[in-house]
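The values are calculated or read from the model by the stated rules, or taken from the named source; none is laboratory data. In this text, all values refer to a predicted model and were calculated from it rather than measured experimentally. Neighbour counts run over all protein chains shown; Cβ positions are idealised from the backbone, glycine included. Heavy atoms of the whole protein, side chains included, go into the accessibility calculation; ligands, DNA and RNA do not. Shrake-Rupley method; radii C 1.70, N 1.55, O 1.52, S 1.80 Å.
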Amino acid sequence: MVQNIDSILQENRLFPPTADFANSASINAAKLQALYQQAEEHHEGFWAELARSELAWKKPFNKTLNSDHAPHYRWFEDGKLNVSYNCIDRHLPDKADKTAIIFEGEQGDTRHISYAELHQETCRFANALKAQGIASGDRVVIYMPMVPEAIIAMQACARIGAIHSVVFGGFSAEALKDRIDDASAKLLITADGGHRGGKIVELKAAADKALESCGDSLQTVIVLKRTAHDVTMKAGRDIWWTDATQGLSDECEPVWVDAEHPLFLLYTSGSTGKPKGIVHSSAGYLLGTIVTMKWVFDHRADDIFWCTADVGWITGHSYVAYGPLAVGGTIMVYEGAPTVPDTGRFWQLCETHKVTVFYTAPTAIRALMKSGDEVPNRYDLSSIRLLGTVGEPINPEAWMWYHMVIGKTRCPIVDTWWQTETGANMIAPVPGVVATKPGSCTRALPGMALDVVDEEGNPITTPNKGGLLVVRKPWPSMLRGVWGDEARYIEAYWGMFNNRYYVAGDSARRDEDGYFWIMGRIDDVLNVSGHRLGTMEVESALVAHPAVVEAAVVGRPDEIKGEAILAYVVLKGARPEGGKDATLTQELRSWVGEQIGAIAKPSDIRYADNLPKTRSGKIMRRLLRTIASGEEITQDTSTLENETILLQLQGKE
Ligand code: WT7
């Protein structure tokens, strides 16, 4: 499992914050030292104090942490609050007119939404949900373009205690159906479409298709008019957003929920089975997003904070819809693709809206880097003061480009390690204090007990020796479970060390300075453009095609996406000549696109008579990975039934 985890990367450059940044940062070295010390000395007390100072409670809590049913941890459980109140209402006394959301559509339409307006819209939509019979604890699926109403819908659910499950708009009808059914959702919020890449994303059509075969939990579909092109509305089931909110009050008393009340589910891939519905709490989750907005993003009242992630991912939950609003910030939201009308779009948006903090994924940085320095150089990026990355390790070359060309050597880069399950940043530099190294997410944040252990669970103390990334202590924004699958929660995250540690599923090492370097996944999870995909999911989609008998997919290093998917397929009929069949490959790619979404389409497919298996019949994935990356085969292949398939898999025959 953890064989050969050795460091390949040797990066010694060190980038301390500039004096300018350090002097104005809200966390200085002394403050950070104090935070670490408090957290170290009294983990629970540290978090309790933050929960009291950072959250607005309806009923204060007395009990900080309940570990009676570990690894089911409960934080602040006797307190009551409302997340939407914390994100909106509490800012109204002094920030009613402050802009909460700056929106720009792909076609250039813009909107500014103040906190007062966000409050009205959220309340009105919360009333609409109630009018459709939605109550606290009900599940609502959101399948929307990246427009303010997606955030309003999330906030409205939070306001009435409904549990939302946002499904990324790039996912297919099939994926949407699975998620609606798994959550037994009662209501779906979607749009007639969204603008992306110069085209209309047919969200409503996909939703209609999903609902054809859904279970009968789903009663109502609320449809936002965004593109105004023709869609079919099913009488008795579908209602336009404007009709659903017509005449309803713009006041809605928040439902005060328990701290542990689930705020949302978000599905993410594991190595086996269907995607897991990760459950997040209300108070603990929100606290994690707030403290990291302050520690990592150095939040300031005048920031224009732009996290480019879609609300369909955890990053878009924690650093678009919740965290920045909870601290009373102003967020930038962009609907479309980074390439419309050209690859300067992100930089144009930064210039136009005076973005101060810019947070994106390495895959986007690499893609934009490819278009050359002259593109960003056309824009005034002087408003930017802090840059961030998330999703996968950033290669030093892309880091340096981000640092020089976008940050003009002036802006610290916060490389933030975290996961859907962790709710908020866990390993990341505090930008005014911690010197960064290209490719390292640096140190664990205060109160986050990250460690690297060997296969017996012993901490690894030798610098640069790889091991498993674990968390030794519970933290407030941790996941609370896997929706409807108790066993999977234990098995996927806690089983390996008998509930002693949370196992992240990543391998990592720490260098001489104690900095963390993430080395990759330990399971069969792919990371395509910073998003997780299970090999199993893609394989199941492939074998569901009538022409396919067997399939194995592996990741291959990709310059832009981090990892690209390569599929090895055995067909029912004869193997195509030379192992290639462009037409069938096209068909299988679109097939996978329909089953899961475009992100899961294999970039290439190779056809073989057989797949390499061990004697016990397990597919030799490591061998396939070696082949996929074009490396020399060093594994023992003597157990292969048919050695000629090696040549087939390599595309040499
Ligand atoms: C996996 C989590 C959390 C938001 C985006 C992805 C990888 C994430 C980093 C980073 C190296 C990273 C890990 C992790 N990852 N951030 N800064 N450096 N690797 O969320 O889909 O839940 O995936 O992404 O492998 O386990 P996710």
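Could you go through segment 515-531 and let me know if any residue there is within 16 Å of the ligand (Cβ to nearest atom), open to solvent by less than 60 Å² (accessible area, probe 1.4 Å), part of a loop (DSSP other than H, G, I, E, B) and at pLDDT 95 or above. Scanning segment 515-531 turns up at least one residue that is within 16 Å of the ligand (Cβ to nearest atom), open to solvent by less than 60 Å² (accessible area, probe 1.4 Å), part of a loop (DSSP other than H, G, I, E, B) and at pLDDT 95 or above. Number of residues in segment 464-495 that are open to solvent by 40 Å² or more (accessible area, probe 1.4 Å), closer than 19 Å to Ile427 by Cβ and either modelled with pLDDT of 95 or more or in a helix (DSSP H, G or I) (or both) equals 2. Residue pairs whose Cβ atoms lie under 8 Å apart, sitting 6 or more positions apart in sequence or on different chains, and linking a residue in segment 237-259 that is surrounded by fewer than 16 Cβ atoms within 10 Å (Cβ to Cβ) to a partner that is part of a loop (DSSP other than H, G, I, E, B), are Arg237/Gln219; Trp240/Lys225; Trp240/Met233; Thr242/Lys225.
Residue count for segment 153-186, restricted to those that are over 16 Å from Thr122 (Cβ atoms) and assigned to a strand (DSSP E or B): 3.
Any chance segment 399-407 includes a residue that's within 13 Å of the ligand (Cβ to nearest atom), over 30 Å from Ser165 (Cα atoms) and either hydrophobic (A, V, I, L, M, F, W, C) or open to solvent by 20 Å² or more (accessible area, probe 1.4 Å) (or both)? Yes, some residue in segment 399-407 is within 13 Å of the ligand (Cβ to nearest atom), over 30 Å from Ser165 (Cα atoms) and either hydrophobic (A, V, I, L, M, F, W, C) or open to solvent by 20 Å² or more (accessible area, probe 1.4 Å) (or both). When Glu49, Glu117, Glu40 are checked against the criterion of being open to solvent by 70 Å² or more (accessible area, probe 1.4 Å) and under 30 Å from Thr245 (Cα atoms), Glu117 stands alone in meeting it.
Annotation note: of Ala449, Ala508, the sole residue that is within 11 Å of the ligand (Cβ to nearest atom), over 19 Å from the mean Cα position of the chain (by Cα) and aliphatic (A, V, I, L, M) is Ala508.
Only one of the numbered conditions (1) closer than 20 Å to Ser529 by Cα; (2) surrounded by fewer than 18 Cβ atoms within 10 Å (Cβ to Cβ); (3) in contact with a helix residue (DSSP H, G or I) (Cβ under 6 Å, 6 or more places away or on another chain) is not met by Asp373, and that is (1). Go through segment 205-226 residue by residue and tally those that are in contact with a strand residue (DSSP E or B) (Cβ under 6 Å, 6 or more places away or on another chain) and over 19 Å from Ala131 (Cβ atoms). Residues meeting the conditions: 2.
Within segment 213-238, the set of residues being farther than 23 Å from Gly105 by Cα and within 30 Å of the chain's Cα centre (by Cα) comprises Ser213, Cys214, Gly215, Asp216, Ser217, Leu218, Gln219, Thr220, Val221, Asp238.
Name the residues in segment 83-106 that are closer than 16 Å to Pro324 by Cα, in a loop (DSSP other than H, G, I, E, B) and under 25 Å from the mean Cα position of the chain (by Cα), would you? Residue satisfying the conditions is Ile88 alone. Exactly one residue among Gly336, Gly323 is within 16 Å of the ligand (Cβ to nearest atom) and out of contact with any Cys (no Cβ under 7 Å at 6 or more places or on another chain), and that residue is Gly323.
Of the residues that make up segment 578-594, is at least one of a type in the set (A, V, I, L, M, F, W, C), within 18 Å of Ser269 (Cβ to Cβ), under 28 Å from the mean Cα position of the chain (by Cα) and within 16 Å of the ligand (Cβ to nearest atom)?
no
For Pro275, state whether it is open to solvent by 20 Å² or more (accessible area, probe 1.4 Å), within 13 Å of the ligand (Cβ to nearest atom) and under 18 Å from Thr422 (Cβ atoms). Judged against the criteria, Pro275 is a match.
For segment 444-489, a residue qualifies if it is over 12 Å from Val503 (Cβ atoms) and hydrophobic (A, V, I, L, M, F, W, C), and the qualifying residues are Ala444, Leu445, Met448, Ala449, Ile460, Trp475, Met478, Leu479, Val482, Trp483, Ala487. Return yes or no: is Trp306 out of contact with any strand residue (DSSP E or B) (no Cβ under 9 Å at 6 or more places or on another chain) and either at pLDDT 95 or above or within 14 Å of the ligand (Cβ to nearest atom) (or both)? In short, no.
So that you can scan it fast, the table gives a plain yes or no per residue for (1) among the basic types (Lys, Arg); (2) farther than 20 Å from His531 by Cβ:
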residue	(1), (2)
Gly423	no, no
Lys437	yes, yes
Trp483	no, no
Trp494	no, yes
Asn499	no, yes
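The set of residues from segment 408-446 being assigned to a loop (DSSP other than H, G, I, E, B), of a type in the set (Val, Ile, Thr) and within 11 Å of the ligand (Cβ to nearest atom) comprises Thr420, Thr422.
Within segment 379-398, restricting attention to residues that are open to solvent by 10 Å² or more (accessible area, probe 1.4 Å) and small (Gly, Ala, Ser), the residue that is nearest to the ligand (Cβ to nearest atom) is Gly391.
Just one of the numbered conditions (1) more than 16 Å from the ligand (Cβ to nearest atom); (2) at pLDDT 95 or above is not true of Lys370: (2).
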